[in-house]
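Asks: One structure is given below, represented as structure tokens, and several questions about it will come after.
Rule-based calculations on the coordinates, nothing more; no lab input. In this text the structure is predicted, and so the values were computed from the model without any measurement. Note that we place each Cβ from the backbone using ideal geometry, even for glycine, and neighbour counts take in every protein chain shown.
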Amino acid sequence: MTLYILCFILFLTGLYGLLISRNIIKIVISLTIVEISIFLMLILIGYISGGIAPVIFQQEVPQHQAVVDPLPQTMVLTAIVIALATNSMILAMAIRLYKKYGTFDIHEINKLKG
Amino acid sequence: MENPVLIFFIFLPFLAAFIIPLLNLFWDQAKTIVLLLVSLVLFLLSAIIVINPPQITMYAPGGWYPVDNIPLGIHLVGDGLSRFMLLIINTLAFFCAIYAIPYIKLFTGQKYFYTLFFLQLAGLNGVVLTGDMFNLFVFMEVAAKASYALVAFGVKKTEIEASFKYQVIGGLASLFMLFGIAMLYWMTSTLNMADISVVLKNNHVDNTSLIRFAQLFLLAGVAIKSAMIPFHAWLPDAHSSAPSPVSAMLSGVVIKVLGVYVILRLFINVFEPCGFMSMVIAVLGGISMTAGVILAIGAWDLKRLLAYHSISQMGYVLMGTGIGMGVIASGENPEVVALTFTGAMFHMINHSVFKGLLFLTAGSIEYSTGNLDLRRMGGLAQYMPLTMIASFAASMAIAGIPPFNGFFSKFTIIVAAIQGGYYFRAALGMLVGIITLASFVKFQRYAFFGKPLTGITLKQTPVLMNVSMIALAVLCLLMSLFIFPEVRAVFLDPAVNILIESTD
């Protein structure tokens, strides 16, 4: 249970960073921290203490041998690929923003009023 | 029943997206032909699939069929609701594609626009067809990534800023969704939506407070995607910065599919409707309906005004949904349930047509005059009569003037609210309708009537843009026919039945 709580604290840390930072690069880093915390939680869900990798071996696996759940692992792999796309695009956009406005401070990037 | 047609809704746009840059190396016109052909085929396929007799069809890509009723792999499910959403998506995408051909000549890098357009379409079709929770997340990301890039397509200062804002908020929403899906997998040990609902219904999950926790995270993610009022900050910027055909797709389809459709699917089909969730959804809907229209009154930028109205009109749909869920949960007045969901579905398809059309007319005004500020327009009626007719039809539809479709759907929602005993929400719906009318009278008055412009040369709008706008204006009138039971039985009732049946 401690691991799950630590994971949730990491999630909240990322969220806090996202809300208070003014630098757009720091915002991107905070978003990545939130991502990582969710990936960790997915891995934790599938993990069984003392379990072995879910691979089909040639020799017989002993009875009652715990095997970790492979589905969250595939989910995390897919989510990491999506996160790669997210990060690369958001950083490309940050570079463009810097070229247009000459600053990383979101308080000075305020042409739109929401 | 097996139906392999379903996979084409995902496969064809993906194929088109990646074949366009290749074909364009050899022949310059290839992109236009592929765009028209593929969007026409998808439009016809979606129309055929809706008119076919209503029964649930499915397709298992890769041939992973269930073993002993345990689902393996990812299934595409085409039930009434999915087919209804497919019709909305592919109809508007077809008309936006026609419109985009001349419009996108204002920009450089046209072939990338076509690629992104089809990626967005593939993602949206995937979201409504999939029967798997994690696959839903993946397709949402495909559609969202394409939308982020399309918003920044003009690479001007404001567009990059809007896209960055959209990406941070939208990315956080996706992560909330992923967190909710992870919690749900933890509780139920399955990702198949039908299977999750069976597990939850049979009370195989002991810890209901953790399910509620997961539900709240899912709702937060979806509410950000559908821009309900406390979470709306990205929408007016993103929708007003995008190129006009993209704004039409974003407002007409994307917020419906990524927002409202996912709410309907998750909170009615997967989870059983409960009083608490229905109240949260109806209150969010009511707040966005009222605050959206109040924000719209003060807007002078035409596309920003339309974007605020999108928030307000989606509020109507969510309020209708929330009332329906509340009536199901309380178990009183079961005959009102069908009426509320009919109103919500009807308003959703109407909104996609008239809001799409309004953004297209805004694009046409921008194309000929080069500005979107209502204070610097006037007397456009004599220069662009076709645009004026189309815009008038759409404005009357959104304001709820009788012969147009918007009146019937708003009326259905308000009548359902009264019959369900929610008098305050019904009164709010009527009040918002009146303010909407005022706001669109302002738009018509400043843009098309009044003092004519002087000293500005107006560009003629191309034929294809006019064709697409007039076709959508005719649809605005024709869709009033949905109020007749015979027509409704074909288009709306299968979708409504899916929402009602799940609770039996």
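Asks: Along the charge dipole of region B:329-470, Cβ charges K/R +1 and D/E -1, which of B:Thr387, B:Ile434, B:Phe346 sits furthest on the positive end?
Replies: B:Thr387
Asks: Among A:16-26, B:179-189, B:342-352, how do they line up by average Cβ neighbours within 10 Å per residue, starting with the highest?
Replies: By packing density, highest mean first, the sequence is B:342-352, B:179-189, A:16-26.
Asks: Within the P(r) computed for the protein assembly as shown, what percentage of the Cα pairs occupies the region above 37 Å? Write out the running numbers ahead of the final one.
Replies: Working: 61763 of 190653 pairs.
That tail contains 32 percent of the Cα-Cα pairs.
Asks: Of the peptides B:426-438, B:356-368, how do they stack up when ordered by the mean number of other Cβ atoms within 10 Å, highest first?
Replies: By packing density, highest mean first, the sequence is B:356-368, B:426-438.
Asks: Using the alpha-carbon centroid of each, what span in Å lies between region B:321-337 and region A:4-44?
Replies: Here the answer is 39 Å between Cα centres.
Asks: Tell me which of B:Leu453, B:Met469, B:Ala299 sits at the most positive position along the dipole axis of region B:273-504, charges placed on C-beta atoms (Lys, Arg +1; Asp, Glu -1).
Replies: B:Leu453
Asks: Taking a quarter of the surface of the Cα convex hull of region B:273-504, what do you get in nm²?
Replies: Convex hull of Cα atoms, orientation-averaged projection: 12.3 nm².
Asks: Return P(r) of chain B (all Cα-Cα pairs; 10 Å bins starting at 0; whole %; ordered from short to long distances).
Replies: 4, 21, 32, 27, 12, 3, 1, 0
Asks: Give the dimensionless ratio obtained when the Cα radius of gyration of region B:281-410 is divided by 2.2 N^0.38 Å.
Replies: 1.21
Asks: Rounded to a whole number, what is D in µm²/s for region B:391-504 from Stokes-Einstein with the Kirkwood radius over alpha-carbon pairs (10 °C, 1.306 mPa s)?
Replies: Estimated diffusion coefficient is 94 µm²/s.
Asks: Evaluate E = 1/(1 + (r/R0)^6) for B:Asn203 and A:Thr13, where r is the Cβ-Cβ distance and R0 equals 45 Å; express this FRET efficiency to the nearest 0.05.
Replies: It comes out at approximately 0.80.
Asks: Placing unit charges on C-beta atoms (Lys and Arg positive, Asp and Glu negative, everything else neutral), compute the dipole magnitude of region B:273-504 about its Cα centre in debye, rounded to 20.
Replies: I would put it at about 1060 debye.
Asks: Same structure, new question: At 222 nm, what value in deg cm²/dmol follows for the protein assembly as shown if DSSP H runs of at least 4 each add -39500 (n - 2.57) and the sum is divided by all its residues, to the nearest 500?
Replies: Working: 22 runs with 427 residues, N = 618.
Computed mean residue ellipticity for the protein assembly as shown: -23500 deg cm²/dmol.
Asks: Provide, as a two-decimal number, the C-alpha radius of gyration of region B:219-280 over 2.2 N^0.38 Å, N being how many residues it has.
Replies: 1.25
Asks: Please list, in order along region B:263-271, the HN-Hα scalar couplings obtained from phi with the Karplus expression 6.51 cos²θ - 1.76 cosθ + 1.60 (θ = phi - 60°), rounded to whole Hz, x for Gly and Pro.
Replies: 4, 4, 5, 6, 8, 10, 7, 7, 8
Asks: Could you give the Stokes-Einstein D for chain A in µm² per second, using the C-alpha Kirkwood radius, 37 °C, 0.692 mPa s? Show your work: numbers first, answer last.
Replies: Working: Rh = 16.9 Å.
Roughly 194 µm²/s, to the nearest whole number.
Asks: Same structure again: Would you mind giving the mean number of other chain beta-carbons within 10 Å of the Cβ of each residue in A:94-103, as a whole number?
Replies: 3
Asks: Can you find, among A:Ile20, A:Tyr47, A:Ile109, the residue sitting farthest towards the positive end of the charge dipole of chain A, where Lys and Arg contribute +1 and Asp and Glu -1 at Cβ?
Replies: Comparing the listed Cα positions along the dipole, A:Ile109 ranks first.
Asks: Could you give the size of the charge dipole of chain B about its Cα centre, using +1 on the Cβ of each K and R and -1 on the Cβ of each D and E, expressed in debye and rounded to the nearest 20? Can you show the working numbers first?
Replies: Values: 25 positive and 21 negative charges, 374 e Å.
The calculation lands at about 1800 debye.
Asks: Under a straight-distance cross-link criterion of Cα-Cα below 20 Å, which lysines are reachable from B:Lys31, leaving out those fewer than 8 residues away in the same chain?
Replies: Cross-link targets: B:Lys105, B:Lys111.
Asks: If the reach is capped at under 18 angstrom between alpha carbons, list the lysines near B:Lys165, excluding any in the same chain fewer than eight residues apart.
Replies: A:Lys26, A:Lys99, A:Lys100, A:Lys111, A:Lys113, B:Lys145, B:Lys156, B:Lys157, B:Lys225, B:Lys303
Asks: Now a separate question. How many Cβ atoms of partner chains, on average, are near each residue of B:162-174 if near means within 10 Å of its Cβ?
Replies: The shielding value for this peptide is 5.
Asks: Viscosity 1.002 mPa s, temperature 20 °C: give me the Stokes-Einstein translational D for region B:351-397 in µm²/s, with Rh taken as the Kirkwood radius over C-alpha pairs.
Replies: Translational diffusion coefficient: 197 µm²/s.
Asks: Please give the charge dipole size of region B:354-454, origin at the Cα centre, charges +1 on K and R Cβ atoms and -1 on D and E Cβ atoms. Round to the nearest 20 debye.
Replies: Values: 8 positive and 2 negative charges, 39 e Å.
Using Cβ point charges on Lys, Arg, Asp and Glu, region B:354-454 gives about 180 debye.
Asks: Also: Across region B:298-314, in residue order, what do the Karplus-derived ³J(HN,Hα) couplings come to in whole Hz, using 6.51 cos²θ - 1.76 cosθ + 1.60 with θ = phi - 60° and x for Gly and Pro?
Replies: x, 7, 10, 6, 4, 6, 5, 4, 5, 5, 5, 5, 4, 4, 5, 6, 5
Asks: For region B:306-351, what does the equivalent ellipsoid look like in terms of its semi-axes, each the square root of 5 times an eigenvalue of the Cα gyration tensor, given largest first in whole Å?
Replies: So the equivalent ellipsoid measures 23, 11, 5 Å along its semi-axes.
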